[in-house]
Amino acid sequence: MYQRSIEDPAGFWDEISKQFFWKSPPTGEFLQYNFDCNKGPISIKWMDGAQTNICYNALDRNIDRGMGDKIAFYWEGNNPNDQGSITFKKLLEEVCKFSNVLKKIGIKKGDRIAIYMPMILELIVAMLACARIGAVHSIIFAGYSSDSLAGRILDAKCHIVITADGVWRGAKLLNVKKIVDDAVDICTKSSHEVRTCVVVRHLSPSEEDVSNLKHDENTEPPASRPSLKLKINWHDGRDVWWHDIMTGQSPECEAEWMMAEDPLFMLYTSGSTGKPKGVLHTVAGYMLYSATTFKFVFDYHPGEVYWCTADVGWITGHTYTCYGPLNNGATGIIFEGVPFFPDAGRFWAIIEKYKVAKFYTAPTAIRALMKYDDSFVTKYDRSTLKVLGTVGDITTLADETVIESLFNLRPDDA
């Protein structure tokens, strides 16, 4: 396969493309590119003239193949007792409902939408809804400051922000809504209007919750939902609750057929080496590459549970938490928490709980866990693991002995 991909890239990717649904095939060359600036502008085009939709391929196509009742994602909350799941069929219904919400508030193909959310299922719903109607999502990691968020909103000219009220990270409470409010204020001072802020009620108690809770904010257990400790401000006319605006929406929404080189999403660089730059990814090439690399790099087989710990706010999360697994009909895990809460065995507890076969994390996380003794690892069953992957920080990748001590596996297995 590798040899053919080098010798005949157009033929190689053309064959792979036949696994996906296309509203219409390419009208021009399958692959066009120029990497020589002496011959004109640098350019890349894949499947010019073809039409498809990545959300349709991720959900509708797999449901048509009989996967409607299959779990698309397990959701593991920050608190080990907080959990959920969603099937491919239910995910499609939620995506269609939120797609109709976006249309209702005036979003059209090509509009940019800022998403600043913790790792909850609504984050996946929001990004797939954008892809379904042709809006360009710009997901900002929900740990960035209000200044960083505002800069990305301003640069992309987003008039809509999708967020949540708050999130627990370990035992630390983060007021996500306040960060967004401060960012919107910065945008307003720069003469840019954020018209709508859709807020997921993730931690805030409803009136019914308040009446049923047996504690007050001073005696509230750590990392609990709902949380009386979280206090948010509300801006009538701009802020809307996710659950309110989703009420009554149709669970059906026709996919917008996108040209192969139409924009899919923007993702900004970290800004550590200068002003953040928005990198634009287009529909068809990204769909083929994300799905194919997921399938072969991780040796995915139907029925396996796959877990990428990356936040969807990073490119790894876009590709290997969301789009890559879904386009292969895989069952993934969305993990809201951190590796050290309630203790340093959290990763391995989740692996045992969901019988994870393929595990993908960062060397940074592995090194941080190295200071804890092996008892946090060995008490959990990790026998379902088949492939381990790391990505991101490559300054000092763990060697075989470290891998062996962490996973209690022979070096050959690791």
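Can you name the residue in the stretch 108-162 that is basic (Lys, Arg) and touching a residue at least 60 places away in the same chain (Cβ under 8 Å) and is also farthest from Pro263 (Cα to Cα) among such residues?
Among them, the one singled out is Arg152.
Here are Phe340, Phe376, Phe347: which of them is modelled with pLDDT of 95 or more and either within 17 Å of Met119 (Cβ to Cβ) or not assigned by TED's automatic domain parsing to the domain that holds Met117 (or both)? Even if it seems obvious, please write down each step before you answer.
On the way: Phe340 fails: modelled with pLDDT of 95 or more; Phe376 fails: modelled with pLDDT of 95 or more.
The unique qualifying residue is Phe347.
Can you tell me how many residues in the stretch 65-85 are without any contact (Cβ under 8 Å) to a residue 60 or more places away in the chain, in a strand (DSSP E or B) and small (Gly, Ala, Ser)? I'd like the intermediate steps shown before the answer.
Step one: filter the stretch 65-85 for residues without any contact (Cβ under 8 Å) to a residue 60 or more places away in the chain, giving 66, 68-69, 81, 83-85.
Filter once more, keeping what is in a strand (DSSP E or B): 83-85.
Cutting the leftovers down to small (Gly, Ala, Ser) gives us 84-85.
Of the residues in the stretch 65-85, 2 are without any contact (Cβ under 8 Å) to a residue 60 or more places away in the chain, in a strand (DSSP E or B) and small (Gly, Ala, Ser).
Please count how many residues of the stretch 175-232 are of a type in the set (A, V, I, L, M) and either at pLDDT below 85 or in a loop (DSSP other than H, G, I, E, B) (or both).
Step one: list which residues in the stretch 175-232 are of a type in the set (A, V, I, L, M), which gives 176, 179-180, 183-184, 186, 194, 198-200, 203, 210, 213, 223, 228, 230, 232.
When the remaining residues are screened for being either at pLDDT below 85 or in a loop (DSSP other than H, G, I, E, B) (or both), the result is 194, 203, 210, 213, 223, 228, 230, 232.
Count: 8.
Check Gly324, Gly278, Gly317, Gly274 and return the single one that is on the phi < 0 side of the Ramachandran plot, surrounded by fewer than 17 Cβ atoms within 10 Å (Cβ to Cβ) and not charged (D, E, K, R). It would help to see each step written out before you state the result.
On the way: Gly324 fails: surrounded by fewer than 17 Cβ atoms within 10 Å (Cβ to Cβ); Gly317 fails: surrounded by fewer than 17 Cβ atoms within 10 Å (Cβ to Cβ); Gly274 fails: on the phi < 0 side of the Ramachandran plot.
Unique residue meeting the criteria: Gly278.
For (1) in a helix (DSSP H, G or I); (2) within 29 Å of the chain's Cα centre (by Cα); (3) surrounded by fewer than 13 Cβ atoms within 10 Å (Cβ to Cβ), each residue gets a yes or a no:
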{"residue": "Arg4", "(1), (2), (3)": "yes, no, yes"}
{"residue": "Phe12", "(1), (2), (3)": "yes, yes, no"}
{"residue": "Ile16", "(1), (2), (3)": "yes, yes, no"}
{"residue": "Phe20", "(1), (2), (3)": "no, yes, no"}
{"residue": "Gly28", "(1), (2), (3)": "no, no, yes"}
{"residue": "Pro41", "(1), (2), (3)": "no, no, yes"}
{"residue": "Lys45", "(1), (2), (3)": "no, yes, no"}
{"residue": "Asp48", "(1), (2), (3)": "no, yes, no"}
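Quick one: in the stretch 338-391, which of the residues that are of a type in the set (Gly, Ala, Ser) and part of a helix (DSSP H, G or I) is nearest to Thr316 (Cα to Cα)? Steps first, answer last, please.
Kept after step one, since they are of a type in the set (Gly, Ala, Ser), are these residues of the stretch 338-391: 344-345, 349, 357, 362, 365, 368, 375, 383, 389.
Remaining after also requiring part of a helix (DSSP H, G or I): 349, 365, 368, 375.
Details: Ala349: 23, Ala365: 15, Ala368: 20, Ser375: 30 Å.
Selected residue: Ala365.
The values are calculated or read from the model by the stated rules, or taken from the named source; none is laboratory data. None of these values were measured; they are calculated from a predicted model. So basically every Cβ, Gly included, is an ideal-geometry build from the backbone, and we count neighbours across all protein chains shown.
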